[in-house]
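A.B. asks: One structure coming up, written as structure tokens, with questions to follow.
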Amino acid sequence: MGKTALVTGGTRGIGKAICLALKEAGYTVAANYAGNDEAAQAFKAETGIDVFKWSVADYDACVEGIAKVEAALGPVDILVNNAGITRDAPFHKMTPQQWNDVINTNLSGVFNMTHPLWNGMRERSFGRIVTISSINGQKGQFAQANYSAAKAGDLGFTKALAQEGARKNITVNAICPGYIATEMVMAVPEAVREQIISTIPVGRLGEADEIARCVVFLVSDEAGFITGATLTANGGQYMAS
């Protein structure tokens, strides 16, 4: 296959599952991470996937980091914008710092990663960009004005950029996961978790592997006619047309 994939926030949770699924599908994979060196090194030892540290909120760091990935593994053909953070607070208590931290990572981070790769994809007439948005970017969520705004912005970015990439064989798509059984979700009190599950028609949390399989499909040659799309994977909790 010979294609290289770069996954941001790739060493834990959904990102880890995406990296493993892409490797199993035959891609050369690089995993970006921002801060947890111990988890990143454990991931590398477990999977054999190369890890690269930088913050997606910093454009210059993204340019430098991508250059290191391409020097080690070759041109990046596939970008999965998975990195994201939360800084939840009711809006009347939300600070400018909480707003900016989330916007800079979850929305500007998508620009910061995609922009340095765009011209190379255009020159090679091939690219696959998948951004992991969220159910809360579609429906909103109490105490997540920052997060919901950023994730909704990711969907607008996807639809606009897809129109620019189409004639160069670059597809740009988004996935909106619902509640997935990651460490973050499993750490909430059981009563809260059960309340969440009660709102999901299929009656359970999603698995990270289920989101990873969506990514593998969208980056494949077989999905070349799909661009500007939002793939909703939430167990029926929110049905978007």
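Every read-out reported here was derived from the displayed coordinates using simple, explicitly stated rules and does not represent laboratory data. Source: prediction; values computed, not measured. FYI the Cβ positions are ideal-geometry reconstructions off the backbone, even for glycines, and counts take in every protein chain you see.
A.B. asks: Looking at Ala145, Ala152, Ala166, Ala160, can you tell me which residue is within 26 Å of Ala229 (Cα to Cα), under 14 Å from the mean Cα position of the chain (by Cα), hydrophobic (A, V, I, L, M, F, W, C) and surrounded by fewer than 21 Cβ atoms within 10 Å (Cβ to Cβ)?
C.D. replies: Numbers: Ala145 fails: under 14 Å from the mean Cα position of the chain (by Cα); Ala166 fails: under 14 Å from the mean Cα position of the chain (by Cα); Ala160 fails: under 14 Å from the mean Cα position of the chain (by Cα).
The conditions single out Ala152.
A.B. asks: Can I ask one more? Mind telling me which of the residues Thr4, Thr11 ends up being of a type in the set (Val, Ile, Thr), under 14 Å from the mean Cα position of the chain (by Cα) and at negative phi?
C.D. replies: Numbers: Thr4 fails: under 14 Å from the mean Cα position of the chain (by Cα).
Of the residues listed, the single one that is of a type in the set (Val, Ile, Thr), under 14 Å from the mean Cα position of the chain (by Cα) and at negative phi is Thr11.
A.B. asks: Moving on. Taking the condition of being touching a Leu at 6+ places or on another chain (Cβ under 9 Å) and either part of a strand (DSSP E or B) or surrounded by fewer than 20 Cβ atoms within 10 Å (Cβ to Cβ) (or both), how many residues in the range 119-137 meet it?
C.D. replies: So the count comes out to 5.
A.B. asks: Take the residues of the range 156-197 that are among the aliphatic types (A, V, I, L, M), free of Cβ contacts under 8 Å to residues at least 60 places away in the same chain and part of a helix (DSSP H, G or I): which is nearest to Gln141 (Cα to Cα)?
C.D. replies: Taking the candidates together, the pick is Ile196.
A.B. asks: Still on this structure, I have one more. Does Thr114 satisfy the condition of being hydroxyl-bearing (Ser, Thr, Tyr) and either assigned to a helix (DSSP H, G or I) or closer than 22 Å to Leu22 by Cα (or both)? Give the derivation first.
C.D. replies: Numbers: hydroxyl-bearing (Ser, Thr, Tyr): yes; either assigned to a helix (DSSP H, G or I) or closer than 22 Å to Leu22 by Cα (or both): yes.
In short, yes.
A.B. asks: Still on this structure, please answer the following. Considering only residues of the range 198-209 that are surrounded by fewer than 17 Cβ atoms within 10 Å (Cβ to Cβ) and in a helix (DSSP H, G or I), which is nearest to the chain's Cα centre (by Cα)? Even if it seems obvious, please write down each step before you answer.
C.D. replies: Within the range 198-209, the subset surrounded by fewer than 17 Cβ atoms within 10 Å (Cβ to Cβ) is 198-199, 201-204, 207, 209.
In the following step, the residues that additionally are in a helix (DSSP H, G or I) were identified as 198, 209.
Details: Ser198: 26, Asp209: 14 Å.
This residue is Asp209.
A.B. asks: Just wondering, is there one or more residues in the range 186-195 that are over 18 Å from Gly127 (Cβ atoms) and crowded, with 16+ Cβ neighbours inside 10 Å? So that I can check it myself, show each step before the final result.
C.D. replies: The first filter runs over the range 186-195 and keeps only residues over 18 Å from Gly127 (Cβ atoms), leaving 186-195.
Narrowing the set further to residues that are crowded, with 16+ Cβ neighbours inside 10 Å leaves 193.
Yes, the range 186-195 contains at least one residue that is over 18 Å from Gly127 (Cβ atoms) and crowded, with 16+ Cβ neighbours inside 10 Å.
A.B. asks: Also, quick follow-up: Residues Ala31, Ala40: which one is within 19 Å of Val130 (Cβ to Cβ), crowded, with 19+ Cβ neighbours inside 10 Å and free of Cβ contacts under 8 Å to residues at least 40 places away in the same chain?
C.D. replies: On the way: Ala40 fails: within 19 Å of Val130 (Cβ to Cβ).
Testing whether each residue is within 19 Å of Val130 (Cβ to Cβ), crowded, with 19+ Cβ neighbours inside 10 Å and free of Cβ contacts under 8 Å to residues at least 40 places away in the same chain leaves just Ala31.
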